[in-house]
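These notes concern the structure reproduced below.
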């Protein structure tokens, strides 16, 4: 299986990951992955609610989850229907409420995220990352500046069959505090035709090298064809 996810394989701890692109057949694809170092981050998985057109993060152990910050750990991750929205927090709801297939994706993100900042998890101050698919696609990252203000970066791009863009919360260095993702979204290849193929490849690429710890928590892939028909697949560690 082709394992081309850009630099992802070399990122020991990427945090949360968003990938948006197109399959070789020209179908929109959105992938989301969670890695976690702490017990509370690892005590989660992804679950789908097809009736609500939603993939959300839920706890696998409520007591362990409470040792972290549940408000930052449990949230809707991907919604699909009138386009696709994805994020690493509760701001997914605001993106969904503003999403319209006739709207420019950066306009959607600008309107939805104007009152959101980075996560208040000192000392990491984890960035909030987001994306959506409508007329085209866009990604966003909100991270902490040196003066404590919120820096907002938006990236709009065309969807090209067989390729995509990737953004993460961290650079991949397993350090304390965790360094925030920097620069533009990374280019990746998407040779997988189905949600099952792509989520399997993504989950494999998040795996550790040698005896390094396995930080994988969960991954999901949502594929939408030009008529709006959606298929999805989830891979949970637990």
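Bear in mind these aren't lab numbers, they're just calculated from the coordinates by the rules spelled out. The structure presented is a predicted model; accordingly, all values stated were derived computationally and were not measured. Note: ideal-geometry Cβ built from the backbone for every residue, glycine included; neighbour counts use all protein chains shown.
Could I get the Rg over Rh figure for region 1-115? Both from C-alpha atoms, Rh via Kirkwood, rounded to two places.
My calculation of the ratio gives 0.99.
So what's the Cα pair-distance distribution over region 75-129, bin width 10 Å, in %?
25, 52, 19, 4
Can you give me the Kirkwood hydrodynamic radius for region 157-238, using every pair of distinct Cα atoms, in Å to one decimal?
About 14.7 Å, per the Kirkwood formula over Cα pairs.
Using a Gaussian network model of the chain with C-alpha springs under 10 Å, which one of 225, 122, 61 is most mobile by mean-square fluctuation?
Evaluated over the chain, the most mobile residue of the options is 122.
How do 94, 100 line up, fewest other C-beta atoms within 10 Å first?
Result, fewest neighbours first: 100, 94.
If you build a Gaussian network model of the chain, linking Cα atoms that sit under 10 Å apart, which residue out of 167, 188, 20 swings the most?
Of 167, 188, 20, the Gaussian network model singles out 188 as fluctuating most.
With bins 10 Å wide starting at 0, give me the P(r) of the chain over every alpha carbon pair, in whole percents.
8, 36, 40, 15, 1
Taking only Cα atoms and a 10 Å spring cutoff, compute GNM fluctuations for the chain and point out the largest among 136, 163, 149.
149
So for each of 205-213, 7-15 I average, over its residues, the number of other beta carbons within 10 Å; can you give me the resulting order with the highest mean first?
Going from most to least packed, we get 7-15, 205-213.
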